[in-house]
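The values are calculated or read from the model by the stated rules, or taken from the named source; none is laboratory data. On a predicted model such as this, the values are computed, not experimentally measured, just so you know. Cβ: placed from backbone, ideal geometry, glycine included. Neighbour counts: every protein chain shown.
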Amino acid sequence: MANIRELEVKLNDWEARYVLEALSREMERLKAINYESEDEDEAADAGNDFMEISSLYENVSKNAVKIFGEQILDFSREKL
């Protein structure tokens, strides 16, 4: 049986935004592999990884929104 360990991280607003954006981009990449790959194993691995990362994204985004507000999920580069 695996020994589950945890890491606790504190992020400021711009660090949290970069982490969330990176997770979002990785989810999109994995989703594309899952849909487009002709290799069943690759597609299945990407789908499984997507599920894990989307769970992490949901957890981090939920906590980040509580602290920083909804704008933390805005990854646009446009000036306000």
Residues in segment 50-62: is at least one over 15 Å from Val19 (Cα atoms), touching a helix residue (DSSP H, G or I) at 6+ places or on another chain (Cβ under 7 Å) and modelled with pLDDT of 95 or more?
-> yes
Test for Arg29: is it in a helix (DSSP H, G or I) and either of a type in the set (Lys, Arg) or touching a Lys or Arg at 6+ places or on another chain (Cβ under 8 Å) (or both) | yes
Taking into account only those residues within segment 1-47 that are among the small types (Gly, Ala, Ser) and in contact with a helix residue (DSSP H, G or I) (Cβ under 9 Å, 6 or more places away or on another chain), which is farthest from Glu70 (Cα to Cα)?
-> Ser37
Any residue at all in segment 14-33 that is farther than 18 Å from Leu73 by Cβ, of a type outside the set (Ser, Thr, Tyr) and surrounded by 15 or more Cβ atoms within 10 Å (Cβ to Cβ)?
-> yes
Take the residues of segment 32-73 that are without any contact (Cβ under 8 Å) to a residue 40 or more places away in the chain and in contact with a Lys or Arg (Cβ under 8 Å, 6 or more places away or on another chain): which is farthest from Val9 (Cα to Cα)?
-> Ala46
Could you grab me the full set of residues in segment 34-80 that are of a type in the set (Phe, Trp, Tyr) and either surrounded by 14 or more Cβ atoms within 10 Å (Cβ to Cβ) or within 14 Å of the chain's Cα centre (by Cα) (or both)?
-> Phe50, Tyr57, Phe68, Phe75
Would segment 3-10 turn up any residue that is modelled with pLDDT of 95 or more, surrounded by 10 or more Cβ atoms within 10 Å (Cβ to Cβ) and either in a helix (DSSP H, G or I) or not small (Gly, Ala, Ser) (or both)?
-> no
Keeping to segment 62-80, report how many residues are among the polar types (S, T, N, Q) and more than 14 Å from Arg25 (Cα to Cα).
-> 2
